Amino acid sequence: MTDISGMVLRYDRKTIVLHWASALLVVLLWGIAQVIDFFPSGPMRVNVRSLHIALGVTLAVVVALRVVWRLREGRQLPSFETGLMGLAAHAAHYALYALLIAEVTLGLANTWVRGDSIFNLFAVPAFDPGNKALRRQVGDLHELVANLILIVAGVHAAAALFHHYVRHDGVLRRMLPNLNG
């Protein structure tokens, strides 16, 4: 979609898919993390934790694809913002990328430090089984970064809504999926 000046008004399909896949995975992973400990020890908890780990690995793949896509050819739209607002938009995007990379790294570290059974099919051995302080530290960092992602993503979403409802400048529509084809 272009406007009368020929300016592209939508991101390419791959950028949109990767953006929304990342958002969906982040929300799902955070939600699952909030309920894992409600399940009694045993097969159900193993399955829920395994689902969290599998979706975390999926997020790692999506983030890697996003980074490669962005560095190579994707997301070639000019910014609507300049000055301080443009700087803030770029900072938020880079913060989200950095936090997502840190989060998937911490998730992998958390699994390795803790040790886990993945759907009772295979086990990831614990790095240092008796080191409860290390387990707690890595787990706490994983949780902190997850919460920071939600905060920064929330600000990002609020900015998109501000553009849509206050500035009426089409920024939000650039990233919405095209449901018509």
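Quick note: the coordinates plus some simple rules give every number you see, no bench work behind them. The model shown is predicted, which means the values in this text are computed figures rather than measured ones. A quick note on method: Cβ atoms are made from the backbone with ideal geometry, for glycine too, and the neighbour counts reach across all protein chains shown.
Quick notes
- Degrees, to the nearest 10: 83-114 long Cα axis against longest axis of the chain: 20
- Whole-Hz ³J(HN,Hα) from phi, Karplus 6.51 cos²θ - 1.76 cosθ + 1.60, for the range 158-164, glycine and proline x: 4, 5, 4, 5, 4, 4, 6
- Acute angle (nearest 10 degrees) that the helix 43-72 long axis makes with the longest principal axis of the chain, alpha-carbon atoms: 40
- Taking the centroid of alpha carbons for each part, the range 94-156 and the range 161-179 are 33 Å apart.
- Fewest neighbouring Cβ atoms within 10 Å first, the residues K132, K14 line up as K132, K14.
- For L28, net neighbour charge (Lys/Arg +1, Asp/Glu -1) across residues whose Cβ lies under 15 Å away: 0
- Helix-only mean residue ellipticity at 222 nm for the chain, each DSSP H run of n ≥ 4 adding -39500 (n - 2.57), per residue, nearest 500: -23500 deg cm²/dmol
- Cα centroids of the range 45-67 and the range 19-36: 9 Å apart.
- Here L176, L100 are placed in order of increasing Cβ neighbour count within 10 Å, fewest first, which gives L176, L100.
- Sorting R135, R167 by the number of Cβ atoms found within 10 Å of their own Cβ, with the fewest placed first, yields R167, R135.
- Volume per residue of the convex hull around the Cα atoms, evaluated for the chain, comes out as 152 Å³.
- About its Cα centre, the chain has a charge dipole of approximately 220 debye under the convention of +1 per Lys or Arg Cβ and -1 per Asp or Glu Cβ, with nothing else charged.
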